[in-house]
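**Q** Starting off with a structure, shown below.
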Amino acid sequence: MDPIRILIADDHTVLRNALAELLQAEEGMEVVADAGHVAALLDLASQHLPDLVLLDIEMPGNDQPEKTVRQLRDISPGTNVLILTMYDDPSLVQSLLPLGIRGFLHKTVSWQTLSAAVRDACSQGGPVPVSLSEGRIATGGPSSQGPLSPRETEVIGLAAQGLSNYQIARRLGIAEGTVKRHMRNIFDKLQARSRVEAANKAVATGLIAHPVPGGGRRPHSSTRGGPSWAVPHASTKP
């Protein structure tokens, strides 16, 4: 039987390399290429016509994941798409499932779960696995007061310093649309209605340190005698 030919798409080089080594060590699997951004992914998919693309949501050029999946299916109709990501918005899952993805897995899944999902994705029929973070699974939707993913923590930390979505995107090397999705996710998880409220809640719960213009971190006194948290230049938009 021919091996499952896999293309890994993730913007974290260390993770790509680790996944490639683990998948190559599995019997019946072959990693044919890896990509760190969508443009490279589409080019490599057209060259290799892989059996499976292991796709991360949070990577440069992937601010419209539905469009990326459609482009992959147009380029290589026989390629199966399996999502592996830290981004766990149920609404995104619902928008991708009708496009024929073969699974949506949170990066906290075990190696056994991932390797089984890779094999199942290339088999005929069978259920489509969906794995979200513990907080999402417990509530069936947004989880109050976190947990925030590492990337979401970075985003709200920079937003608390007064950076715009564009500036955050430039700082982290991701698309501005991805930053907006992170902010919406943060709003949901923290039950916040504005960037100020989200940043203040993130500080109050210890998710991030209190920002001070110039890069420092410190609380300042309030008129009531306890610490109060003021976020500079944070707007009410995601």
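**Q** Would a scan of region 94-114 turn up a residue that is surrounded by fewer than 18 Cβ atoms within 10 Å (Cβ to Cβ), more than 20 Å from the chain's Cα centre (by Cα) and farther than 17 Å from Asp10 by Cα?
**A** yes
**Q** Further, regarding this structure: Select from region 167-193 the residues that are open to solvent by 20 Å² or more (accessible area, probe 1.4 Å) and more than 18 Å from the chain's Cα centre (by Cα) and write down the one among them that is farthest from Thr13 (Cα to Cα).
**A** Selected residue: Arg193.
**Q** Within region 123-139, identify whether any single residue is over 28 Å from Thr13 (Cα atoms), surrounded by 17 or more Cβ atoms within 10 Å (Cβ to Cβ), at pLDDT below 85 and basic (Lys, Arg), and answer yes or no.
**A** Among the residues of region 123-139, not one is over 28 Å from Thr13 (Cα atoms), surrounded by 17 or more Cβ atoms within 10 Å (Cβ to Cβ), at pLDDT below 85 and basic (Lys, Arg), which makes the answer no.
**Q** Now, a different point. When only residues in region 9-39 that are touching a helix residue (DSSP H, G or I) at 6+ places or on another chain (Cβ under 9 Å) and in a helix (DSSP H, G or I) count, which is surrounded by the most Cβ atoms within 10 Å (Cβ to Cβ)?
**A** The residue in question is Val38.
**Q** Any idea which residue in region 80-109 is farthest from Leu54 (Cα to Cα), counting only those that are in contact (Cβ under 8 Å) with a residue 60 or more places away in the chain and in contact with a strand residue (DSSP E or B) (Cβ under 6 Å, 6 or more places away or on another chain)?
**A** Asp88
**Q** When you go through (1) crowded, with 21+ Cβ neighbours inside 10 Å; (2) modelled with pLDDT of 90 or more; (3) not charged (D, E, K, R) one by one for Tyr87, which number turns out not to apply?
**A** (2)
**Q** OK, next. Quick one: which helices (runs of 4 or more DSSP H) sit completely within region 143-238 and have at least 3 residues that are more than 28 Å from Pro60 (Cα to Cα) and modelled with pLDDT under 85?
**A** Passing ranges, in order: 195-204.
**Q** Take the residues of region 48-72 that are buried (at least 18 other Cβ atoms within 10 Å of the Cβ) and in a helix (DSSP H, G or I): which is modelled with the lowest pLDDT?
**A** Taking the candidates together, the pick is Pro65.
The values are calculated or read from the model by the stated rules, or taken from the named source; none is laboratory data. Bear in mind that the values here come from a model prediction, so they are computed numbers and not experimental data. Note: ideal-geometry Cβ built from the backbone for every residue, glycine included; neighbour counts use all protein chains shown. Just so you know, the surface numbers come from the protein's heavy atoms only, side chains and all, with ligands and any DNA or RNA stripped out. Shrake-Rupley method; radii C 1.70, N 1.55, O 1.52, S 1.80 Å.
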